[in-house]
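Student: Here it is, the structure, as C-alpha cells.
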Protein chains: 2
Amino acid sequence: MKPTVHDIARSAGVSLATVDRVLNGRPGVRHVTRERVEQAILNLGYVRDVAAANLAKGRTYSFVFVMPANDNSFMIEIRDEVHAAISRSGAERTQIRILEVPPFDAQALADALDGIVPDKPDGVAFVAVEGDPVHAAVARLKEAGIAVVTLVSDLPGSERDHFAGIDNNAAGRTAANLLGRFAGGREGRIAVIAGSMLVRDHRERLEGFLAVMGESFPRLAVLPVMEARDDPALAAEVVSAALRHYPDIIGLYSLGAGNRGIVHALREVAPEARPVVVAHELTKTTRSALAEGLIDALLNQDAGHEVRSAIRVLKGRVEGLPVIAAQERIRIDIFLKDNMP
Amino acid sequence: MKPTVHDIARSAGVSLATVDRVLNGRPGVRHVTRERVEQAILNLGYVRDVAAANLAKGRTYSFVFVMPANDNSFMIEIRDEVHAAISRSGAERTQIRILEVPPFDAQALADALDGIVPDKPDGVAFVAVEGDPVHAAVARLKEAGIAVVTLVSDLPGSERDHFAGIDNNAAGRTAANLLGRFAGGREGRIAVIAGSMLVRDHRERLEGFLAVMGESFPRLAVLPVMEARDDPALAAEVVSAALRHYPDIIGLYSLGAGNRGIVHALREVAPEARPVVVAHELTKTTRSALAEGLIDALLNQDAGHEVRSAIRVLKGRVEGLPVIAAQERIRIDIFLKDNMP
DNA sequence: GATTTTCTGATTTACGTACCTCAAAAACTG
DNA sequence: CAGTTTTTGAGGTACGTAAATCAGAAAATC
C-alpha cells in the first residue's frame, strides 16, 4: 500500500504535526528531527497525494491570458482552447480570465499588462508584440511576484519565465527543406508571403527559411517577402499579382495567416502551372486545400498543446517547480494530405 | 463557488443520500425524485470533483500489459513508457503489471492472455499478433468482464474495445507521398524493407505505400518487398545486395525495425549515389542518420502517447465511459532533420 | 386496513492532506 | 536555578465525495 503521512510519522517516531511541518517547510523543527523525517520519507518512498493535497488546500490558481483580438483561424483556435481550459477550470482548480487587446500594438499590450498588476493574479500568459513598453511591463509583473509566460510569439531578453510556442526558426528551415525537395531539382522562383515583419515569429520563420534556401537550394531564387498583414483579401491580391508578374514561380511559402486568400488565388491557376505550396497552421481552409492538392504541405503548432503547456508552466512557477523542458517543448507538426489528423 | 453534492441536495430538496444514489446509479430512488435531482444537477452545472471522488473511493485499477520480448528500439521505448506509467501509478491509482511473451507467436500470446483471466485484472493491453487463438483468447477476456485494448498492432474483427496506435495504411501512404516527391520526377526503382508480413501493422503500411505509388508515381517501380525480420544484420545484408543488384534504386522505404543495419549499409554507398530514404520510428540510430542526411524523412508514432492513451481508455472502459475518438487518435509524426524534437 | 415493499432521510465514517490551536516537553538563556 | 524560547505532541476541523447503516415515510399489494 502507498505510504501516507501517518506512516512517515510512525516510522520517524514523531507526530503527524512534525511531519506536516517538514513536508510543507513550516518553521519550528530542529535540524536533527527534520533529517530524521526526511530520511523516513526517502525510506518509505513517500509521494504526496496531489489530489488529496489539492482537496485539502482548496487553493485555486488565478491566471490571466492576454491575447490579440485577431480574427484569423489560428488565434480563434487559441482562444477556443483557453475557453476549453476555462471550462475545465473547476476540475483543475484554476481560474482563468481572458483579456483581449488590439493586435500588433505594443503600447496597448503594455497598458493591458500594467492594468493586470493591481489584480495580483498568480500568473499571466500573453502573445508578445515586440517593443520597449512591453519589456517594461513584464518587469513590473515579475516585480509583483506574478508568473509570466509568452504564448505563440516570444519576447526574448525580457524577464518572462517561459515561452510556450514552437521554434519558429526551425519551422522556417523545415518549410524550406520541404519546398526545396518538392520542387525536385527544377529551377525557378520562390514567393514568400508573411503577415508582418513586426511580429517575431514571422521574422524568425523567414530567417530559417532563407538560411536553408541559401545553403541547400541555390537554384531556387527567393523573391522579396510580401507582407499581407494576415488579411485574406490582401493576400489574394498580392499572390495573384506575383504569379502574373513572374511566370516562373515554382514555389510558395505562406508563413502567416490569411491563407484563405492565398488558396483563393491559387485556385485561379491552371493545375499544371500551380507552384508547390507550403503554409502554416491546420485550419478548415488549409485542411481542405491540402486534401484538394492546392497546398502540398502544412506546418502546424498544436494550439491545445500550447495553451495547456502555458497553464502547466504557470502552475509550476507558482509552486516554485522548475520547467521540464522536454515535456514543454511544442512540436512542429508536418501534415501531408495523407496524415492529417 | 463550485457546486457540491450538498448544494444539489438542498436545491432538489432531498437528502445527501439520495443525491449519492442518483449520482452513482444506486437503486432505491423513485423515478420522479431521480429526475428532480438530475434537474438540479443540470441547473447548478454540477461536475463531480474527480480528485475527491477517487480519494473517497480509494479504488485502484489493475491492468496488465502483454508485450513481445523484442529488442528493437521502438519496443524498448514502449516498455520504458509502460514503466514510466508504473512509476506514476501511485498518483494515478493504477497498478500495472508487464508480461513478456515471445515475439511473432500467436499461440504464446493467446496462452499468456488466457493465463491472465484468473487474476481478474480490470484491463489488459497487448501488442497483437494475428491468429485464431488470439481472437479466442480476447473473447475469453471480454467474457470475464476485462477491458481489452490492442497496442501498436491491431486485431480487427476481435472483441477488443479499442486500438491504441496509428493508422498504418495512412502511414504507408504518407511515406509513399514523401518518397515520391523527394525523388523529384526522376525514374527508377524503389526498394521496400519490412520486418515481417505476418504482422498487421507492416502489412497495412505496405498496402498504403503501394496504393499511392501506383496512383501518383507510376514512373517509380517498386521492387518486391524484402523481409528482414526486424534484424539489423539481416537488413544490412538485404539492402546491400539490392543496391548492388539494381544500380537504379533511387528510393528506399523501411517500414519496420532493424534500421541500424540499413543505415550501416547506406553509409557504404557514395553520397551522390544514395537513394532517398524514408523510415519509421525516431530512435537513437534513425535520429542521427536523419541529422547526417542518410535518412531523408522519418515517420513516427509517439510511444508515450500510445501507452498513455491505452491506459486512459482502459480506465474509461472500467467506468463505462465512451472513448473520445478525437482525443485518442494517435498522430503520424513526420520528422525532417529540421524539426526533430 | 393491514402488511409488505419500495423509497428516502439523517447520520456516520473514511480517504490523505493541510492547517490550526493549545499544551507540554525540551532546549537554551542569563 | 528560574525564566524564556524553541521544539514537539495531540488533537481537531476541513476539503468533496463514497459508501454504509438504520429508522421512518410513502407507496404498492393483498
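Student: How far is B:Arg26 from the same spot in each other copy, in nm, shortest first, if each label point sits 7 Å from Cα toward Cβ?
Tutor: Spelled out, the distances from B:Arg26's label point are 3.4 nm.
Student: So what are the ³J(HN,Hα) numbers for region B:54-69, from phi and the Karplus equation (6.51, -1.76, 1.60; θ = phi - 60°), rounded to whole Hz, Gly and Pro as x?
Tutor: Going residue by residue, I get 4, 4, 5, 5, x, 6, 10, 8, 10, 10, 10, 9, 9, 9, x, 7 Hz, with x marking Gly and Pro.
Student: Got the B:Glu143 label distances to the other copies yet, label 7 Å along Cα→Cβ, in nm, shortest first?
Tutor: Those separations, rounded to one decimal, come out as 7.4 nm.
Student: How large is the charge dipole for chain A, taken about the Cα centre, if only the Cβ atoms of Lys, Arg (+1) and Asp, Glu (-1) carry charge, to the nearest 20 debye?
Tutor: Values: 40 positive and 44 negative charges, 273 e Å.
Magnitude of the dipole: close to 1320 debye.
Student: Would you kindly derive the ³J(HN,Hα) couplings of region B:169-186 from the backbone phi angles with the Karplus curve 6.51 cos²θ - 1.76 cosθ + 1.60 (θ = phi - 60°), listing them in order in whole Hz, with x for Gly and Pro?
Tutor: Rounded to whole hertz, the list is 5, 4, 4, x, 5, 4, 4, 5, 4, 5, 4, x, 6, 5, 5, x, x, 6.
Student: Which residue in A is nearest the A/B rotation axis when you measure from the C-beta atom, and what is the distance in Å?
Tutor: Closest Cβ to the A-to-B rotation axis, residue and whole-Å distance: A:Gly184, 1.
Student: Further, regarding this structure: What residues qualify as long-range amide H neighbours of A:Val222, i.e. H under 5 Å apart, gap of 5 or more or another chain, H built at 1.01 Å from N?
Tutor: A:Ile190
Student: Still on this structure: Please work out the Cα center distance from region A:31-92 to region B:117-159, rounded to the nearest Å.
Tutor: One Cα centre to the other: 36 Å.
Student: Hey, can you grab everything whose amide H is under 5 Å from the amide H of B:Gly251? Only 5+ residues off in sequence or another chain; H modelled, so Pro and N-termini drop out.
Tutor: Amide H neighbours of B:Gly251: B:Arg189, B:Ala191, B:Val276.
Student: Next question. Gaussian network model of chain A, Cα springs within a sub-10 Å range: biggest mean-square fluctuation belongs to which of A:Asn169, A:Asn259, A:Asn54?
Tutor: A:Asn54
Student: So for region A:46-201, averaging the separation of alpha carbon pairs under 8 Å that are six or more residues apart and normalising by length, what relative contact order in percent results? Numbers along the way, then the final one.
Tutor: Numbers: 203 pairs, mean separation 30.3, N = 156.
It comes to 19 percent, rounded to a whole number.
Student: Sticking with this structure for a sec: Could you tell me the center-to-center distance, by alpha carbons, between region A:166-206 and region B:260-300 in angstrom?
Tutor: Each part reduced to its Cα centre gives a spacing of 24 Å.
Student: Hey, what did chain B get for relative contact order, percent, Cα under 8 Å, at least 6 apart?
Tutor: It rounds to 14 percent for chain B.
Student: Turning to a different aspect of this structure: For label points placed 7 Å from Cα toward Cβ, what is the shortest-first list of nm distances from B:Asp114 to its copies?
Tutor: Copy-to-copy label distances at B:Asp114, shortest first: 7.8 nm.
Student: Going Cα to Cα from B:Lys2, which lysines come in below 25 Å? Please leave out same-chain ones fewer than 8 positions away.
Tutor: Filter leaves A:Lys57, A:Lys120, A:Lys315, B:Lys57.
Student: Dividing the alpha-carbon Rg of region A:279-341 by 2.2 N^0.38 Å yields what? Don't skip to the end; give the middle numbers.
Tutor: Values: Rg = 15.4 Å, N = 63, 2.2 N^0.38 = 10.6 Å.
Cα-based Rg divided by the globular estimate yields 1.45.
Student: If you restrict to DSSP beta bridges whose two residues both lie in chain B, what percentage is antiparallel, to the nearest 5? Before the final figure, lay out the partial values.
Tutor: Working: 3 of 39 bridges.
The answer is about 10 percent antiparallel.
Student: Do any trypsin sites (Lys or Arg not before Pro) in region B:140-187 lie in a loop, going by DSSP, with at most 15 other beta-carbon atoms within 10 Å of their beta carbon, and if so which? Don't skip to the end; give the middle numbers.
Tutor: Numbers: sites: B:Arg140, B:Lys142, B:Arg160, B:Arg173, B:Arg181, B:Arg186; in loops: B:Arg160, B:Arg186.
Sparse-neighbourhood loop trypsin sites (Lys or Arg not before Pro): B:Arg186.
Student: Still on this model: Pull up all non-local amide H partners of B:Leu151: gap of 5 or more, or a different chain, and H-to-H distance under 5 Å with H placed in the peptide plane.
Tutor: Residues meeting the amide H criterion: B:Phe126, B:Val127, B:Ala128, B:Ala164.
Student: Using the Karplus equation 6.51 cos²θ - 1.76 cosθ + 1.60 (θ = phi - 60°), what ³J(HN,Hα) coupling, rounded to whole Hz, does each residue of region B:324-341 give in order, writing x for Gly and Pro?
Tutor: Result, ordered by residue: 8, 3, 4, 6, 9, 6, 8, 7, 8, 7, 10, 10, 9, 5, 8, 10, 5, x Hz.
Student: I need B:Thr94, A:Thr285 ordered by Cβ neighbour count within 10 Å, fewest first.
Tutor: Details: B:Thr94 19, A:Thr285 22.
Lowest to highest Cβ neighbour count: B:Thr94, A:Thr285.
Student: Please go through region A:218-296 and write out the GluC sites (Glu not before Pro) that DSSP classes as loop and that have at most 15 other C-beta atoms within 10 Å.
Tutor: On the way: sites: A:Glu227, A:Glu237, A:Glu268, A:Glu272, A:Glu281, A:Glu292; in loops: A:Glu268, A:Glu281.
Answer by residue number: A:Glu268.
Student: OK, next. Name the most mobile residue of B:Pro232, B:Pro118, B:Pro102, meaning the one with the largest mean-square fluctuation, in a Gaussian network model of chain B with Cα contacts below 10 Å.
Tutor: B:Pro118
Student: A further question follows. If the elastic network links every pair of Cα atoms under 10 Å, which of A:Asp20, A:Asp230, A:Asp154 fluctuates the most in the Gaussian network model of chain A?
Tutor: A:Asp20
Each reported figure results from applying straightforward, stated rules to the coordinates on display, with no laboratory input. Just so you know, these numbers come straight off a predicted model, no measurement behind them. Heads up, the Cβs are rebuilt from the backbone with ideal geometry, glycines too, and the neighbour counts pull from every protein chain shown.
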